[in-house]
Amino acid sequence: MQPPDEDLVASILKGKRLLFEELVGRYQGRLVNYLYRMLRNEEDAHDLAQEVFVKIYGALDRFDPKYRFSTWLFRVAQNAAIDKIRKRRLKLVSLHRPDTGDGDSGEWELEGQELTPYQEARNVERGTAIKQAIDGLPWEYQELISLRHYGELSYDEIAKMKEMPLGTVKNKLFRGRQMLKERLGDYLTD
Amino acid sequence: MKIESAALEQSAAWKQSTAWKQWLDQDLDGELEAAEASQLAKILEVDPEARAERRGLVALHQAMDEDRIAVRPGFSDQVMEALPQTWWERESSAGLPRWALPMAMMLVTALGAALTLGSAAEVGRFAGLGTTILDFMQATFLAGSGMLFATWRGFGFGLETLIAESGLNLLALAGAVLSLNVLFVSMLRRRRPAAQAAETTGSEDS
């Protein structure tokens, strides 16, 4: 039987640094996928997940065992993702080059965005439809579905993290999925 | 046959409420209570509409699973390499708690003083050592109290003069004391555990 996260944290604080790898192993898939859903970019999701783990490690001595490690980790991740999205928005620039008078105005040339074979394989119609359907949901539903499905948090963990009654979490997840089912309709009958 | 008709009746009654689809949803998430799950299983056996609804949900879950990405190889190694060295690691690698160094310094000082002054003691060696340590501590205590007394007396005298000069000074002093108290309280508040802070603020740890 695996030791609970909180016991691992206690051991790490006694100097067993390598045990943190166990925690990383437990959460890396869930965290990367959750961040990928938030950021829509694999590279960014991995980079931010690494940052979150490093940040969490540096703050482990301030972890309060009253709370669950998972809810703490995902809350930190959520805040980090929101900050990242905000910064991204600030960095958005126009693609139109200023007219320099030499008749060479127009759009900036972008580097070719060729998809790798892996990306191409992933970019199937259904995958795109799912992404679009989830992106089209109201934010609160998107968020809960991402936490449940990609972060694999239990209803109780989500309720604690979002400071919502358990019943509200259940209702919103249900309604969000119903909306997804309606939007995806044909894709789900394959 | 009887069992089936009972299940059908139960199914019809159950579907009158709006919660039945939520049960299906919660069942797929593994969040349904055991009693509810077994009730649901019985209804699914006899109710084609419930089965169709469940198939749709299963398809949705599968479709979302396909949208997952794999963690890049070597990710956990990269994380471990990027970890900073923390105070608890420094402490545990040194094998000493944080208070050990100041305590050791105090002991060495006390021992040094005892050895220096104790050599002059007329009584037996160990008794002389003990007496000297006591004398040394007494002298330190007296010196400290004297300095504290003088300091506070001087401080009190200064304040008295300041307040006596004008009422404005008294007001300024009251303001300063109040500000110091507010500062002290705000510093205490800031010492919440990180987890709690991270859960209540958007910027902490993010």
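If the Cβ limit is 7 Å and pairs must be 6+ apart or interchain, which residue in the stretch A:55-74 that is more than 7 Å from every other protein chain (Cβ to nearest Cβ) and closer than 25 Å to residue B:90 by Cα pairs with which residue that is of a type in the set (Gly, Ala, Ser) and assigned to a helix (DSSP H, G or I)?
Listed by first residue and then by second, the contacts come to nothing, as the list is empty.
Under 7 Å by Cβ, and 6 or more places apart or on different chains, what pairs join a residue from the stretch A:1-18 that is more than 11 Å from residue A:60 (Cβ to Cβ) and without any contact (Cβ under 8 Å) to a residue 60 or more places away in the chain with one that is surrounded by 14 or more Cβ atoms within 10 Å (Cβ to Cβ) and among the charged types (D, E, K, R)?
A:15/B:89
Here are the criteria: (1) modelled with pLDDT of 75 or more; (2) surrounded by 11 or more Cβ atoms within 10 Å (Cβ to Cβ); (3) within 34 Å of the chain's Cα centre (by Cα). Tell me which single one residue B:87 does not satisfy.
With (1) modelled with pLDDT of 75 or more; (2) surrounded by 11 or more Cβ atoms within 10 Å (Cβ to Cβ); (3) within 34 Å of the chain's Cα centre (by Cα) applied to residue B:87, the lone miss is (2).
A quick yes/no check of all residues on (1) modelled with pLDDT of 75 or more; (2) within 20 Å of the chain's Cα centre (by Cα):
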{"position": "B:151", "(1), (2)": "yes, no"}
{"position": "B:158", "(1), (2)": "yes, no"}
{"position": "B:171", "(1), (2)": "yes, no"}
{"position": "B:185", "(1), (2)": "yes, yes"}
{"position": "B:189", "(1), (2)": "no, yes"}
{"position": "B:194", "(1), (2)": "no, yes"}
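Could you tell me which of the residues B:52, B:59, B:37 is surrounded by 12 or more Cβ atoms within 10 Å (Cβ to Cβ), more than 26 Å from residue A:41 (Cα to Cα) and either without any contact (Cβ under 8 Å) to a residue 40 or more places away in the chain or not charged (D, E, K, R) (or both)?
B:37
Quick test of your reading of the structure: residue A:52 fulfils all but one of (1) touching a residue at least 40 places away in the same chain (Cβ under 8 Å); (2) within 21 Å of residue A:143 (Cβ to Cβ). Name the failing condition by number.
If we test residue A:52 against (1) touching a residue at least 40 places away in the same chain (Cβ under 8 Å); (2) within 21 Å of residue A:143 (Cβ to Cβ), just (1) comes out false.
Considering only residues that are of a type in the set (A, V, I, L, M) and within 8 Å of chain B (Cβ to nearest Cβ), which ones fall in the stretch A:19-54?
Answer for the stretch A:19-54, where residues must be of a type in the set (A, V, I, L, M) and within 8 Å of chain B (Cβ to nearest Cβ): A:24, A:32, A:45, A:49, A:54.
Restricting the search to the stretch B:24-65, which residues are within 38 Å of the chain's Cα centre (by Cα), in a helix (DSSP H, G or I) and under 16 Å from residue A:145 (Cβ atoms)?
Answer for the stretch B:24-65, where residues must be within 38 Å of the chain's Cα centre (by Cα), in a helix (DSSP H, G or I) and under 16 Å from residue A:145 (Cβ atoms): B:25, B:26, B:28, B:61, B:64, B:65.
Enumerate the pairs (first residue in the stretch A:150-166 and at positive phi; second residue anywhere and assigned to a loop (DSSP other than H, G, I, E, B) and crowded, with 19+ Cβ neighbours inside 10 Å) with beta-carbon separation below 8 Å, excluding pairs fewer than 6 apart on the same chain, so at least 6 apart or on different chains.
Between residues of the stretch A:150-166 that are at positive phi and residues that are assigned to a loop (DSSP other than H, G, I, E, B) and crowded, with 19+ Cβ neighbours inside 10 Å, there is no close pair.
Applying the selection to the stretch A:75-88, what residues are more than 18 Å from residue A:150 (Cβ to Cβ) and facing chain B (nearest Cβ under 8 Å)?
Correct list: A:83 only.
As an exercise: evaluate residue A:8 against (1) facing another protein chain (nearest Cβ under 9 Å); (2) assigned to a helix (DSSP H, G or I) and give the number of the one condition it does not meet.
Condition (1) is where residue A:8 drops out.
Every residue, every condition in (1) modelled with pLDDT of 90 or more; (2) crowded, with 17+ Cβ neighbours inside 10 Å, yes or no:
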residue: A:129; (1), (2): no, yes
residue: A:158; (1), (2): yes, yes
residue: A:176; (1), (2): yes, yes
residue: A:185; (1), (2): no, no
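Here are the criteria: (1) surrounded by 11 or more Cβ atoms within 10 Å (Cβ to Cβ); (2) at pLDDT below 75. Tell me which single one residue B:136 does not satisfy.
Looking at each condition in turn, residue B:136 falls short on (2).
Going residue by residue through the stretch B:76-90, is there one that turns out to be at positive phi and out of contact with any His (no Cβ under 8 Å at 6 or more places or on another chain)?
No: the stretch B:76-90 contains no residue that is at positive phi and out of contact with any His (no Cβ under 8 Å at 6 or more places or on another chain).
The values are calculated or read from the model by the stated rules, or taken from the named source; none is laboratory data. Keep in mind the model is a prediction, meaning the values are calculated, not measured. For neighbour counting, all protein chains shown are included, and Cβ atoms are generated from backbone atoms with ideal geometry for every residue, glycine included.
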